[in-house]
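Below: the structure, in structure tokens.
The values are calculated or read from the model by the stated rules, or taken from the named source; none is laboratory data. Model, not experiment: these values are computed from the prediction. Cβ placement follows ideal geometry from the backbone for every residue including glycine, while neighbour counts extend to all protein chains displayed. Ligands, DNA and RNA are stripped out before the accessible areas are found, and what is left, the full protein with its side chains, is counted by its heavy atoms. Shrake-Rupley method; radii C 1.70, N 1.55, O 1.52, S 1.80 Å.
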Amino acid sequence: MLKLGVAVPTRWSLRCRGLGLAGIRGEARLAAGKEKARGLQQEQEDMQPEAEATEDSARRPRNESVLINHAIHEIKHRPLEVPTVIGDDPVYTMDKQQVSCPHHLKTKLAHVFYANRKQIETAIRSALSTQGTWSLVPIAERLAIWRRAADIIEEDQLRLRVFLMLTLSKTSDDATRDIRRLLSSLRANADYLEHLSELRFEIQGDMNVFPSFHLRPMDGFVAALAPFESVALSTSLALCPALMGNTVLWNPSLEVAPASFLIHRAFQEAGLPSGVVNFVPANERLFLDTITDAVHFAGLNTQGSAAGYRHVHKLVSDRMERYICFPRLVAECPGQNFHFVHASAKVESVVTSTIQAAFGFAGQYANSLSRMYVPSSMWPRLREELLEATKQLNVGDPVLPETDMGAMVNIEGFHRMQGLVERTKSMEVLCGGSCDDSIGRFVQPTIVRVVDPLDPLLCEPCCGPFLPVFVYADDSFGEALKLAANQSRYALSGSVFASRDEVILHCLNQLRMSASNLYVNERCTGSHYGLTPFGGNRLSGTNDKSGSAYFLMRWSSPLLIEETVEGPLPSQGSHKFP
């Protein structure tokens, strides 16, 4: 049996014992070691003193700026055409959707050709016809394709970064981190599958029995429905099932379709057989209605709203009789993510983490900060420093190096923010509170103090640069903690800020069901480096922890083959029945 290594007890593993939790050690080491090494190496390279830089390295930023400006000019004057790709055949339909620049709405960046019902059905047939051959491709060959594709993407990442900056209004740093997560995910998943394929299971029994365990794919096709927030996430939703031997229909949202198309093209160049991943941008409701109507529908991998996930469940349950298997529905939904601050916390750490978690990417990540609980003794100083840090944020064109926050990507999200701003006019608005779409969909970073502990602002997710703060009395710490734990039906991510170990342990015990990713003295969006398994419970999803080997196994239907040599041995007391 493969041994995954022995972990040395750490500060966190000792806390896990206090929580009654089993620490997961082996799997986290499989790819995390490689990814941490890459991240640390990159960090060290970024922090090299200027005095030690060579003339070439000093020239590189200027050259990169020229290349970025050239790529921006080319994209603006020649918008990318993104077809539906069925097998290897691009299909240019009559339904042509335009992708505009969120921070400059008049600029057209791409034309996405949406598939209709007939083309989605053709893609399903393409996936089913390819399934038999792709599922028999040796794991080593699949891993080689994934690693080759990661290298291709890394070599041409500048063009991808420019598309992320223009179509998703990400700053250069945000786009770089998104690409880094994408590359980490591709390589880590390949490492996970490599180790999973080497696992040997010890089965107690007769000496002449030889069992073997095979990572077989699902019996049917898998669909992936991706949100706009990240090309790394969009790719993971489609490519993880494909890595496990499944054939996939990939439907990215309109805004992330151009970047996703570049990834699809890189995989084609890396040798991915036609029909394994069919690129099918389409209207979401039409796509869901068509795939769930297919007899061989085997699963859906998606991220979206809780209401959208309920809609999928209803579609599937109404049509359950027609399927040849029980479809697997995997979803991650947004959360009402929190920062819970104790009086012993360091103010500087709280301020930095809060600004990054609430206003990074204009607060549009599924795990962006949505609410904050602060003790009254710390509030005057924390308020002053929070407002000062927020006022220093530059909101505007993300292409400019001085910009900290771009525009809202999605028009529906922008309208929701307008409604929130209008609703909070009668409340204590500490900063922000304005929306402007005259040029782009810009929303000023907004912080609001909430007095009512049962206010819906502390219960429901909001996608945007909007942060409600609840100030609790120091002697009501326990009640405030229970409020944070039970107030929302969403449970994606959360953070505890404190310096005393007994307080941290108590908070983790109370909040263990209120978030599926808990952080200590770290923002609720997690670290920028490495690959963190991620997923939420309650109404925040099925908690399948994408970014881990568990997530890969979700897209496998394992097969056990048991071979007996020289026939079965009869049991004692009977010569007829074993």
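Evaluate the following for residue 390: is it in contact with a Cys (Cβ under 7 Å, 6 or more places away or on another chain) and either more than 28 Å from residue 177 (Cα to Cα) or at pLDDT 95 or above (or both)?
Details: in contact with a Cys (Cβ under 7 Å, 6 or more places away or on another chain): yes; either more than 28 Å from residue 177 (Cα to Cα) or at pLDDT 95 or above (or both): yes.
Criteria met by residue 390.
Take residue 407 and tell me if it is at negative phi, part of a loop (DSSP other than H, G, I, E, B) and at pLDDT below 95.
Details: at negative phi: yes; part of a loop (DSSP other than H, G, I, E, B): yes; at pLDDT below 95: no.
Answer is no for this residue.
Would you mention how many residues in the stretch 437-464 are within 14 Å of residue 379 (Cβ to Cβ) and open to solvent by 30 Å² or more (accessible area, probe 1.4 Å)?
Total satisfying the criteria: 2.
If residue 100 satisfies every condition in (1) of a type in the set (Ser, Thr, Tyr); (2) farther than 30 Å from residue 198 by Cβ; (3) open to solvent by less than 60 Å² (accessible area, probe 1.4 Å); (4) in a helix (DSSP H, G or I) but one, which is the exception?
(4)
Tell me which residues, restricted to the stretch 327-351, are part of a strand (DSSP E or B), more than 25 Å from residue 472 (Cα to Cα) and of a type in the set (A, V, I, L, M, F, W, C).
From the stretch 327-351, those part of a strand (DSSP E or B) are 328-332, 337-341; that's our starting set.
Imposing the further condition that a residue be more than 25 Å from residue 472 (Cα to Cα) reduces the set to 328-332.
329, 330, 331, listed by residue number.
Out of the stretch 129-144, which residues are closer than 17 Å to residue 187 by Cα and not aliphatic (A, V, I, L, M)? Quick ask: steps written out before the conclusion?
Quick first cut of the stretch 129-144, residues closer than 17 Å to residue 187 by Cα only: 139-144.
Selection gives 141, 142.
Out of the residues in the stretch 205-241 that are within 24 Å of residue 259 (Cβ to Cβ) and aromatic (Phe, Trp, Tyr), state the one that is modelled with the lowest pLDDT. Reasoning before the result, please.
Kept after step one, since they are within 24 Å of residue 259 (Cβ to Cβ), are these residues of the stretch 205-241: 221-241.
From the residues that got through so far, the ones that are aromatic (Phe, Trp, Tyr) too are 221, 228.
Values: 221: 98, 228: 93.
Checking each candidate, the answer is 228.
Being part of a strand (DSSP E or B) and open to solvent by 10 Å² or more (accessible area, probe 1.4 Å) is the filter here; which residues of the stretch 473-493 pass it? Reasoning before the result, please.
Residues of the stretch 473-493 that are part of a strand (DSSP E or B), as a first pass: 490-491, 493.
Selection gives 490 alone.
In the stretch 243-276, which residues are free of Cβ contacts under 8 Å to residues at least 60 places away in the same chain and either in contact with a Leu (Cβ under 7 Å, 6 or more places away or on another chain) or among the aromatic types (Phe, Trp, Tyr) (or both)?
250, 251
Would you point out the residue of the stretch 318-333, among those that are open to solvent by 70 Å² or more (accessible area, probe 1.4 Å) and free of Cβ contacts under 8 Å to residues at least 40 places away in the same chain, that is nearest to residue 556 (Cα to Cα)? Talk me through it step by step, then tell me what you get.
To start, the set of residues in the stretch 318-333 that are open to solvent by 70 Å² or more (accessible area, probe 1.4 Å) comprises 318, 321-322, 324, 326.
Those left that are additionally free of Cβ contacts under 8 Å to residues at least 40 places away in the same chain: 318, 321-322, 326.
Details: 318: 25, 321: 22, 322: 22, 326: 13 Å.
Here the residue is 326.
Of all residues being open to solvent by 10 Å² or more (accessible area, probe 1.4 Å) and of a type in the set (Val, Ile, Thr) in the stretch 352-376, which is farthest from residue 520 (Cα to Cα)? Just the residue, please.
Here the residue is 355.
In the list 345, 362, which residue meets the criterion of being in contact (Cβ under 8 Å) with a residue 60 or more places away in the chain and on the phi > 0 side of the Ramachandran plot?
Values: 345 fails: on the phi > 0 side of the Ramachandran plot.
The match here is 362.
Only one residue in 467, 420, 430 is open to solvent by less than 70 Å² (accessible area, probe 1.4 Å) and either assigned to a helix (DSSP H, G or I) or charged (D, E, K, R) (or both). Which one?
Working: 467 fails: either assigned to a helix (DSSP H, G or I) or charged (D, E, K, R) (or both); 430 fails: either assigned to a helix (DSSP H, G or I) or charged (D, E, K, R) (or both).
Residue meeting the stated conditions: 420.
Inspect the stretch 226-236 for any residue being within 19 Å of residue 327 (Cβ to Cβ) and touching a helix residue (DSSP H, G or I) at 6+ places or on another chain (Cβ under 6 Å) and give the result as yes or no. Please lay out each step first, then the result.
Within the stretch 226-236, the subset within 19 Å of residue 327 (Cβ to Cβ) is 226.
Narrowing the set further to residues that are touching a helix residue (DSSP H, G or I) at 6+ places or on another chain (Cβ under 6 Å) leaves 226.
Within the stretch 226-236, one or more residues are within 19 Å of residue 327 (Cβ to Cβ) and touching a helix residue (DSSP H, G or I) at 6+ places or on another chain (Cβ under 6 Å).
Would you call residue 402 farther than 25 Å from residue 99 by Cβ, in a helix (DSSP H, G or I), open to solvent by 30 Å² or more (accessible area, probe 1.4 Å) and not hydroxyl-bearing (Ser, Thr, Tyr)? Outline the logic, then answer.
On the way: farther than 25 Å from residue 99 by Cβ: yes; in a helix (DSSP H, G or I): no; open to solvent by 30 Å² or more (accessible area, probe 1.4 Å): yes; not hydroxyl-bearing (Ser, Thr, Tyr): yes.
The answer is no for residue 402.
Restrict the check to the stretch 377-390 and report whether at least one residue is assigned to a loop (DSSP other than H, G, I, E, B) and surrounded by fewer than 19 Cβ atoms within 10 Å (Cβ to Cβ).
Filtering the stretch 377-390 for residues assigned to a loop (DSSP other than H, G, I, E, B) gives 377-378.
Subsequent filtering for residues that are surrounded by fewer than 19 Cβ atoms within 10 Å (Cβ to Cβ) retains 377.
Checking the stretch 377-390: at least one residue is assigned to a loop (DSSP other than H, G, I, E, B) and surrounded by fewer than 19 Cβ atoms within 10 Å (Cβ to Cβ).
Would you mention how many residues in the stretch 494-522 are part of a strand (DSSP E or B) and either at pLDDT below 95 or within 22 Å of residue 461 (Cβ to Cβ) (or both)? I'd like the intermediate steps shown before the answer.
Step one: of the stretch 494-522, the residues part of a strand (DSSP E or B) are 494-497, 517-520.
Subset that is either at pLDDT below 95 or within 22 Å of residue 461 (Cβ to Cβ) (or both): 494-497, 517-519.
Of the residues in the stretch 494-522, 7 are part of a strand (DSSP E or B) and either at pLDDT below 95 or within 22 Å of residue 461 (Cβ to Cβ) (or both).
If you scan the stretch 312-326, which residues turn out to be assigned to a helix (DSSP H, G or I) and farther than 21 Å from residue 229 by Cα?
The initial filter retains those residues of the stretch 312-326 that are assigned to a helix (DSSP H, G or I), namely 312-318, 320-322.
Listed by number, the residues that qualify are 313, 314, 315, 316, 317, 318, 320, 321, 322.
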